[in-house]
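The block underneath contains the structure these notes are about, expressed in structure tokens.
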Amino acid sequence: MSWIYFVDLFGTLVFSISGVITAIHKKFDLVGTLVIGFVTAIGGGTIRDLLIGRTPVGWLNDRNYFIAILGGYIVAYLFRARILGLRRSMFLFDTIGIGLFTVLGIDVSLSYGLNIEICLLMGVISACFGGVLRDVLTNEIPLIFRKEIYASACLIGGVVYLVLLQYIENENVAIVGSIVTVIVIRYLSVKNSWSLNFRFPS
Amino acid sequence: MSWIYFVDLFGTLVFSISGVITAIHKKFDLVGTLVIGFVTAIGGGTIRDLLIGRTPVGWLNDRNYFIAILGGYIVAYLFRARILGLRRSMFLFDTIGIGLFTVLGIDVSLSYGLNIEICLLMGVISACFGGVLRDVLTNEIPLIFRKEIYASACLIGGVVYLVLLQYIENENVAIVGSIVTVIVIRYLSVKNSWSLNFRFPS
Amino acid sequence: MSWIYFVDLFGTLVFSISGVITAIHKKFDLVGTLVIGFVTAIGGGTIRDLLIGRTPVGWLNDRNYFIAILGGYIVAYLFRARILGLRRSMFLFDTIGIGLFTVLGIDVSLSYGLNIEICLLMGVISACFGGVLRDVLTNEIPLIFRKEIYASACLIGGVVYLVLLQYIENENVAIVGSIVTVIVIRYLSVKNSWSLNFRFPS
């Protein structure tokens, strides 16, 4: 499982960077940006853990998540200008992150014996609600509700994961397949300006 | 208890509809509206469960709540135009819902041996905080804090429930008495444009 | 420990006053102001308790916190005009409150065997997130992220507490030393218009 653990920490670091950059743009101070980095990185998994009763929540007992978040904070400040130029890489890392967070959220929920549709929901919550909390705390309408195929990509990635797990029975293959699915969906959606804001005519 | 269970599911469905309609008005996409429907429907009970340590929270282990929320989501999209015309019925269903959610919240809290005033508070939280979360996520100041006798109706309905339970010792009568109280208060308040925005002169 | 308990209740009352006053300014109704008073007073400790798995959360089983919050609510309405004139005293009480909440948050977390940096974080959360929730519910960008050395003062006060506890081994001295530190930092920061909004040139 060790490669998963490292990708998880890496996803945490990337989410922390994304939160800190957002907060810098909002002119938050040094402590405020740190808080937003934290919340973005661990918010989704924390809500999942609270809902399923897994307390103390995971990151409290593993110093490495703390270090990953601090690392993201420092990287965000040091390479702020350059990170904006690396938008494409950040997008990729972020998408790998949400794909993996979805899968890990599903796994944790499965291990708690929850129904399959609840596990899927928990996967999406794990991946998306860090960003939702970031947007609530910076007084924005959460982005994922409006402008991006974000939650939908996680949902489909989660379904792919469960299907692969069922029929191929190799967790690594299922994880990679799921993450690739999320990447492809988000890549196509951005390239083609898709969005799910389908609305019935009023 | 089975009629209570069905009314509870029905309240969940109505709350889901109310959340989805709000989110459609805010131009959320298909996933965003679903999330808001979910949060509106189970937010209050979830916060109550987290506070009193009842995890995994109730709806995680009962598929019917999931189905009720999805049902509300579909109904909201299919009959969106007509629902706005049914404002009066929606108001009635919504009011029955918050009345019942108040009573159920009090019951759960009583079964955890909490003080009577905390049980009342938990009842109000169960009924109102789904709507509060909906408003926070759609970047509005929560409605119940400003424009409606909403939380107050729940509070009074909760007191009526506890009094009836004490003196009549018939739970069904106490529940119905409490819900009728909530309906009457809200009906009178809307009819007479009451509101509790009593303020001392500055 | 009894003086700590009374200062804790007093801090709860002061936080309740601050929340109610904020909500009155936002033209919330009588129930809305009460909810904001509650959330401001117990929000930080509640989030801490949820994260570390200490449920039911502390204030549910101790009627005195309920009374302290109601007391703050009544005081806020009765002496509203005068409280604004007592800004200096309120600032002092509020600062004593966050200092003590930081220390109590650290203590609770230490008793759960958490890592030292997590305990510090929990101290800051205990002291600051009541105010964060207040600002989110009143649709403001949380103040502590932008305009005041607030979280930073708690962080430094927390470090002072841990150092004193380690080397002097007298809890009362450590608590007082920590609170005095928080007061001095906030006093100096307001007097000199410090703020941590240090930003790299764009």
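Observations on the model:
- With contributions of -39500 (n - 2.57) from each DSSP H run of at least four residues, the per-residue ellipticity at 222 nm computed over the protein assembly as shown stands at -26000 deg cm²/dmol.
- Ellipsoid fit via the Cα gyration tensor, the protein assembly as shown: semi-axes of 34, 34, 23 Å, each the root of five times an eigenvalue, largest first.
- Shape class for the stretch B:21-90: prolate, because the ratio a/c of the largest to smallest gyration tensor axis (alpha-carbon atoms, square roots of eigenvalues) is 1.5 or more and a/b beats b/c.
- Over 24 Å between alpha carbons, listed pairs C:K26/C:K191; B:K27/C:K27; A:K27/C:K191: C:K26/C:K191; B:K27/C:K27
- Residue with peak Gaussian network fluctuation, chain C [Cα springs, cutoff 10 Å], from C:N64, C:N172, C:N139: C:N139
- Gyration tensor (alpha-carbon) shape descriptor, the stretch A:44-202, a/c threshold 1.5: rounded
- Cα centroid separation, the stretch C:153-179 to the stretch C:86-102 (Å): 17
- Using only side-chain charges placed at the Cβ, +1 for Lys and Arg and -1 for Asp and Glu, the dipole size of the stretch B:2-137 relative to its Cα centre rounds to 500 debye.
Any read-out appearing in this document is the output of simple, stated calculations on the displayed coordinates, not a laboratory observation. Everything numeric here is computed off the predicted structure, so don't read it as measured data. Neighbour counts are summed over all protein chains in view; Cβ atoms, including those assigned to glycine, are modelled from backbone coordinates with ideal geometry.
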